[in-house]
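Below is one structure, written out as structure tokens, with a few remarks after it.
The values are calculated or read from the model by the stated rules, or taken from the named source; none is laboratory data. If you're wondering where the values come from, they're calculated on a predicted model, not measured in any experiment. Every residue, glycine among them, receives a Cβ derived from its backbone with ideal geometry; neighbour counts consider all protein chains shown. Surface areas here come from the heavy atoms of the whole protein model, side chains and all, with no ligands, DNA or RNA. Shrake-Rupley method; radii C 1.70, N 1.55, O 1.52, S 1.80 Å.
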Amino acid sequence: MSLPEEDLTCPVCCDIFTDPVLLSCSHSFCRSCLKKCCDTGLRECPVCRKRVSKSNPPSNLALKNVCEALVQVRRQSSVLEEDKMNCHLHGEKLKLFCLVDKQPICVVCHSSKLHKTHDSSPIEEALLDCKDELALSLKSLQDKVDSLKRIHKTSADMFKYMKSQTLETQKRIKSQFEQLHQVLYHEESTRLAAVKKEEDEKIAGMKDKMKELSAEVQSLTETISIIQEQLKEDDIVLLKNFKATQDRGQSMELGSDNMYGLLIDVTKHLCNFKYTVWEKILDHVDYTPVTLDPNTAHPCLILSDDLTSLHYSKQPSCCPDNPERFHKSAEVVGMTTLGSGSHHWVVETGSNHDWLLGVASSSVPRTAEIPARPENGFWTLCFRDAKFRAMTSPPTLLTVSRTPKQVKVQLDYNKGTVSFFDPVDNTLIYAFTHTFTEPLLPYFYTQSSHPLRIMPQKVLVTMLRE
């Protein structure tokens, strides 16, 4: 164990012992210091004042070796410190900083071929600039960590919600299968297994995503710690390591924050449920041309178990902030993408007096509340305050002979028309004309507790016989 430096200091000269001698009283002094005291006529220990023998005191060899080792270490440390301040190529003091190579250089380096054409700045200025850059890098990395933590929290919420989705989806499937259980027991088991398989796959994918996010947070945290340690280092050490430290910080890229499509695809298991098993229960089949996508529904919209009706509730449901969902307005879209051909569906509006129906571009923003008009990717009919309006720019007030209880929405994608009819007599209410350039989705909005219901269509199956 090393001795404290005060134990290696002569009480007379207050410096590290040089050729220490040991007196009979056990105190040690430099031989030269003791001789100077004796030359004054004093023959006593400068510390305890005990009488000193006239004979030459013996050398304290152990103390001498320790002191010489300490002096050698100090000398080597001084040389190393001097080396850190000097150019390893030319031995000159590092006074400049190359702005191209991001390294401290001496005046000889500045005149050499390697740096002659490079801009440089005084070491003091460069130190301030580099510290500022590292501080910015540190902030950027911290922002990335904060972003990753937010993504991680959203992932955790989605992970939890997926479990409830799985249970709810299985419950709905069981409810519908109970009506047909005797005939469709095998079909029920198959579909439940499909939900479980998707759950396992989605949960496995989510676990991988969360593990990846945790690894990125750990990596960024380690990089931040390295930069923070570099900022505590000596100036030259900081500058020498600056480029490597900066490159490491700038190389840290956020992983993908795309959370789209990670939830259980409920519609895949429930869409047109009875129609898919029409061969076994043909007399009970209803086909619905549009199925609502619950992963897009605003939290205040309540969807029916079969995903064909919606109404508004002032009590929002607990659902994750997934990217598909409408966050600002009580909107939801159908799950089927319409990119060509002709399509139509009938919506029963009934006693609902606050709704919008139509189609929306698949790319419309889900996190902002924007007017449902053509320039924003919406082609809709509005009923509010007992008046019909086509949501043009500005909205067009419409006159109808009676208020229909049902509205038929008809899209001809190739011809570029979206039309609205009273299905009782097929009276045209309004028609939009537009050249569509991207896929569309059936669109619904309401702030009424009375439901909007997508009407089923009867299925006619014709068997071809030879």
- Note on the structure: Checking rank on 12-24, 211-223, with mean other Cβ inside 10 Å and highest first, the result is 12-24, 211-223
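Counting Lys and Arg as +1 and Asp and Glu as -1, what is the net charge of the other residues whose Cβ lies under 10 Å from the Cβ of Ala297? Don't jump to the answer; show the numbers that get you there.
On the way: positive: Arg325; negative: Asp293, Glu324, Glu331.
Here the count lands on -2.
Need the full-extension length gain, His353 to Lys35, defined as separation in residues times 0.36 nm minus the C-alpha distance. One decimal, nm.
Details: separation 318, 0.36 × 318 = 114.48 nm, distance 11.27 nm.
Result for the pair: 103.2 nm of gain on full extension.
Taking square-rooted eigenvalues a ≥ b ≥ c of the alpha carbon gyration tensor, is region 31-168 rounded, prolate or oblate, where a/c under 1.5 means rounded and, failing that, a/b exceeding b/c means prolate? Don't skip to the answer; put the middle values down first.
Details: a/c = 4.87, a/b = 1.83, b/c = 2.66.
Taking the square roots of the gyration eigenvalues as a ≥ b ≥ c, region 31-168 is oblate.
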- What are the ³J(HN,Hα) values, in whole Hz, obtained from phi via the Karplus relation 6.51 cos²θ - 1.76 cosθ + 1.60 with θ = phi - 60°, for each residue of region 56-73 in sequence order, with x given for Gly and Pro? 5, x, x, 6, 9, 5, 4, 5, 4, 4, 5, 5, 5, 5, 5, 5, 5, 5
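Pull out the extension gain between His327 and Cys48, defined as 0.36 nm times the separation in residues minus the alpha carbon to alpha carbon distance; nm, one decimal.
Working: separation 279, 0.36 × 279 = 100.44 nm, distance 8.63 nm.
Additional length available on full extension: 91.8 nm.
Would you mind working out the accessible area per residue for the chain, using a 1.4 Å probe, and quoting it in Å²? Display every interim value, and only then the final one.
Numbers: 26410 Å² over 466 residues.
For the chain, the solvent-accessible area averages 57 Å² per residue.
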- Query: Counting only the heavy atoms of the protein chains, how much of His269 is accessible to a 1.4 Å probe, in Å² to the nearest 10?
  - Reply: 20 Å²
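Show me 313-320, 379-386 ranked by packing, highest mean number of other Cβ atoms within 10 Å first. Don't skip to the end; give the middle numbers.
Values: 313-320: 12.5, 379-386: 18.6.
Going by the mean number of other Cβ atoms within 10 Å, highest first, we get 379-386, 313-320.
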- Message: Can you order the peptides 443-454, 395-406, 56-67 by their average number of other Cβ atoms within 10 Å per residue, highest first?
- Response: 443-454, 56-67, 395-406
- Item | Cα-based shape type of region 333-466, given that a ≥ b ≥ c are square roots of the gyration tensor eigenvalues and the cut on a/c is 1.5 | oblate
- Item | Nearest-20 debye value, the chain charge dipole, Cβ charges on Lys, Arg, Asp, Glu | 880 debye
- Backbone HN-Hα couplings from phi across region 369-384 [Karplus 6.51/-1.76/1.60, Hz, Gly and Pro as x]: 8, 10, x, 7, 10, x, 5, 9, x, 10, 10, 9, 10, 10, 10, 7
- Item | Summed side-chain charge close to Phe159 - residues other than Phe159 whose Cβ falls under 10 Å, Lys, Arg +1, Asp, Glu -1 | +4
- Query: How much of the accessible area of the chain, in percent, comes from carbon and sulfur atoms when a 1.4 Å probe is used?
  - Reply: 52 percent
- Between Ile105 and residues 5 or more places away or on another chain, the pairs with built amide H atoms under 5 Å apart involve Lys95, Leu96, Phe97, Cys98
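I'd like the FRET efficiency for His88 and Thr9, computed as 1/(1 + (r/R0)^6) with the beta carbon distance as r and R0 of 35 Å, rounded to 0.05.
Details: r = 35 Å, r/R0 = 1.01.
Step by step, r from the Cβ atoms, then E = 0.50.
So if R0 is 30 Å, what FRET efficiency would Arg150 and Asn376 give, r being the distance between their Cβ atoms, rounded to the nearest 0.05? Present the calculation step by step, with values, prior to reporting the outcome.
Working: r = 27 Å, r/R0 = 0.91.
That pair, Arg150 with Asn376, gives E of 0.65.
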- Item | Helix-only [θ]222 nm of the chain, DSSP H runs n ≥ 4, -39500 (n - 2.57) each, per residue, nearest 500 | -12500 deg cm²/dmol
- Item | Flagged links, alpha-carbon separation over 23 Å, of Lys174/Lys268; Lys174/Lys209; Lys171/Lys328; Lys149/Lys197; Lys95/Lys240 | Lys174/Lys209; Lys171/Lys328; Lys149/Lys197
- Rg and Dmax of the chain, Cα atoms only, in Å: 41.3, 140
